[in-house]
Amino acid sequence: MSGDTRRPLIPIPSNQVDFLVATAARAPSVQNTQPWRFRAGRHWIELHVDPGRQLRVDPLGREVLISCGAALFGLRLGVRALGFMPVVDLLPDQSQPQLLARVSFGAAERLTAGERRLLDALPHRHTHRGPFSGAPLPPGLLAGLKRDAATEGATLALVSHARGYERLADLAAAAGREQDADPGAVADMQDWTRSPGSGARDGVPATAFPAGADVRRGRLGQRDFDLSRGLGTLDAAGPAPAATAVLLTPGDSRGDWLCAGQALHRLLARAASRWVFASLHTQPLEVTAIRRLIADQLGLAGAPQVILQLGPATTTRVTARRPPAELIDP
Ligand SMILES: Cc1cc2nc3c(=O)[nH]c(=O)nc-3n(C[C@H](O)[C@H](O)[C@H](O)COP(=O)(O)O)c2cc1C
């Protein structure tokens, strides 16, 4: 999904800009902050980070850039849907650090059946904090997800041994305890969770998290979205996920974070195309010392960016997004 840079410039149809931005904006983002802005020129669409939506627990901007990387993957897929290869200029201007990518149209090329399946999965892909079906993953899916990560320059490392899983679970629990006592983390949670019936089109809605602490066998400890407020309405009891994995990048630069986001969205879309969904866990990676321990104790070759638990599920619960008109700068 990338193209040649030496080519005549192709104008972006102005009546497709909303489609492209809406497709990008279906991406997952930390706490559903949707930390992105778009600018449309005649021959390109720019993706900018919105620093006003960066979490306190993310001072370096790692998670905000992973989120924007995920949106970039959606934008690329949108360009493919229109029958062109996307040409991506990543971090094109050092004097504009908020400008993350400039995307233009490359060679005309028909959407493949595989890309069509990813695109069709975007509307029902969601972060799954509810029960899984208890079934194993469809044959061949894990290999496909690993290929997706590799295609984007990342690695999906499976945590398949009980000992590795236990270490990860212990470290995730330790991070949870630390964050629960951190006023910044609590304030983030209050800012970015929504009460039942809220009409907000960002933040994590009450239907997407359970009330009370979320401690379940076979599942890594989850962020406490509820904070004892009794807001969450998700019934989360049920079977555990089928697999646990860590998404890694070779380095830990802004480019690596954008790479992680693109890999994440690509593999989540493939999983969703088979009705497999993931819970995402980045809370343990927000504590520097614990992030280092996770890499060391699991023997991970690379920088851990996102921890995932995946499994088949029969229900979907998509969360709202802001419409393109609120995302496009003049
Ligand atoms: C970088 C990043 C970090 C995330 N971390 C967590 C997390 O620690 N816990 C969690 O439940 N969801 C996490 N998520 C999932 C988001 O909460 C979710 O994408 C967002 O609420 C939008 O919902 P959706 O994925 O269902 O569309 C993360 C997503 C991203 C992109």
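The values are calculated or read from the model by the stated rules, or taken from the named source; none is laboratory data. Everything numeric here is computed off the predicted structure, so don't read it as measured data. All Cβ positions, glycine included, derive from the backbone under ideal geometry; neighbour counts span all protein chains shown. When the accessible area is computed, the model is the full protein with side chains, heavy atoms only, and any ligands, DNA or RNA have been set aside. Shrake-Rupley method; radii C 1.70, N 1.55, O 1.52, S 1.80 Å.
Quick check on segment 60-74. Is at least one of its residues farther than 27 Å from ASP191 by Cα, open to solvent by 10 Å² or more (accessible area, probe 1.4 Å) and under 18 Å from the mean Cα position of the chain (by Cα)? Lay out the reasoning, then the answer.
Taking segment 60-74 first, the residues farther than 27 Å from ASP191 by Cα are none.
No, segment 60-74 contains no residue that is farther than 27 Å from ASP191 by Cα, open to solvent by 10 Å² or more (accessible area, probe 1.4 Å) and under 18 Å from the mean Cα position of the chain (by Cα).
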* **Failed condition for THR127, given (1) out of contact with any strand residue (DSSP E or B) (no Cβ under 8 Å at 6 or more places or on another chain); (2) open to solvent by 30 Å² or more (accessible area, probe 1.4 Å)** => (1)
* Does GLY203 fit the bill of being in the same structural domain as LEU285 (by TED's automatic domain parsing) and free of Cβ contacts under 8 Å to residues at least 60 places away in the same chain? -> no
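Please work out if SER95 is among the small types (Gly, Ala, Ser) and open to solvent by 20 Å² or more (accessible area, probe 1.4 Å).
Working: among the small types (Gly, Ala, Ser): yes; open to solvent by 20 Å² or more (accessible area, probe 1.4 Å): yes.
Criteria met by SER95.
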* Does segment 84-91 contain any residue that is away from the ligand (no atom under 16 Å from the Cβ) and in a helix (DSSP H, G or I)? -> no
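Condition first: without any contact (Cβ under 8 Å) to a residue 40 or more places away in the chain and open to solvent by 10 Å² or more (accessible area, probe 1.4 Å). Now tell me which residues in segment 31-49 satisfy that. Steps first, answer last, please.
Step one: list which residues in segment 31-49 are without any contact (Cβ under 8 Å) to a residue 40 or more places away in the chain, which gives 35, 41-42.
Matches in segment 31-49: GLY41, ARG42.
Please find, within segment 264-305, the residue that is farthest from the ligand (Cβ to nearest atom) out of those that are outside any helix (DSSP H, G or I) and among the aliphatic types (A, V, I, L, M).
Step one: of segment 264-305, the residues outside any helix (DSSP H, G or I) are 274-282, 287, 298-305.
Checking which are among the aliphatic types (A, V, I, L, M) leaves us with 276, 278, 280, 287, 298, 300-301, 303.
Details: VAL276: 14, ALA278: 9, LEU280: 4, VAL287: 12, LEU298: 18, LEU300: 17, ALA301: 21, ALA303: 13 Å.
Within segment 264-305, the match that is farthest from the ligand (Cβ to nearest atom) is ALA301.
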* Structure fact -> Over segment 149-204, the set of residues assigned to a loop (DSSP other than H, G, I, E, B), more than 14 Å from the ligand (Cβ to nearest atom) and farther than 27 Å from LEU258 by Cβ is SER160, HIS161, ALA181, SER195, PRO196, GLY197, GLY199
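Does segment 204-212 contain at least one residue that is of a type in the set (S, T, N, Q), closer than 20 Å to SER160 by Cβ and open to solvent by 40 Å² or more (accessible area, probe 1.4 Å)?
Taking segment 204-212 first, the residues of a type in the set (S, T, N, Q) are 207.
Going one step further and asking which of them are closer than 20 Å to SER160 by Cβ, we end up with none.
For segment 204-212, residues of a type in the set (S, T, N, Q), closer than 20 Å to SER160 by Cβ and open to solvent by 40 Å² or more (accessible area, probe 1.4 Å): absent.
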* Run down THR249, THR319 and say which single residue is within 13 Å of the ligand (Cβ to nearest atom) and outside the structural domain of ALA208 (by TED's automatic domain parsing). => THR319
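Per-residue answers, yes or no, for (1) open to solvent by less than 40 Å² (accessible area, probe 1.4 Å); (2) out of contact with any His (no Cβ under 9 Å at 6 or more places or on another chain); (3) not small (Gly, Ala, Ser):
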residue: CYS259; (1), (2), (3): yes, yes, yes
residue: ALA263; (1), (2), (3): yes, yes, no
residue: ARG270; (1), (2), (3): no, yes, yes
residue: HIS281; (1), (2), (3): yes, yes, yes
residue: ARG292; (1), (2), (3): no, yes, yes
residue: PRO304; (1), (2), (3): yes, yes, yes
residue: ILE307; (1), (2), (3): yes, no, yes
residue: THR314; (1), (2), (3): no, yes, yes
residue: PRO330; (1), (2), (3): no, yes, yes
* Structure fact -> Residues of segment 149-163 being open to solvent by less than 80 Å² (accessible area, probe 1.4 Å) and modelled with pLDDT of 95 or more, in sequence order, are ALA149, ALA150, GLU152, GLY153, ALA154, THR155, LEU156, ALA157, LEU158, VAL159
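Are any of the residues in segment 107-117 assigned to a strand (DSSP E or B) and touching a Gly at 6+ places or on another chain (Cβ under 9 Å)?
Initially, segment 107-117 is screened for residues assigned to a strand (DSSP E or B), giving 107-108.
Filter again for touching a Gly at 6+ places or on another chain (Cβ under 9 Å), leaving 107-108.
Checked segment 107-117: at least one residue is assigned to a strand (DSSP E or B) and touching a Gly at 6+ places or on another chain (Cβ under 9 Å).
Somewhere in segment 226-243, is a residue under 16 Å from the mean Cα position of the chain (by Cα) and within 14 Å of the ligand (Cβ to nearest atom)? Outline the logic, then answer.
First pass over segment 226-243, keeping only residues under 16 Å from the mean Cα position of the chain (by Cα): none.
Checked segment 226-243: no residue is under 16 Å from the mean Cα position of the chain (by Cα) and within 14 Å of the ligand (Cβ to nearest atom).
With LEU258, LEU280, LEU267, LEU293 as the choices, which residue is out of contact with any strand residue (DSSP E or B) (no Cβ under 7 Å at 6 or more places or on another chain) and of a type outside the set (D, E, K, R)?
LEU293
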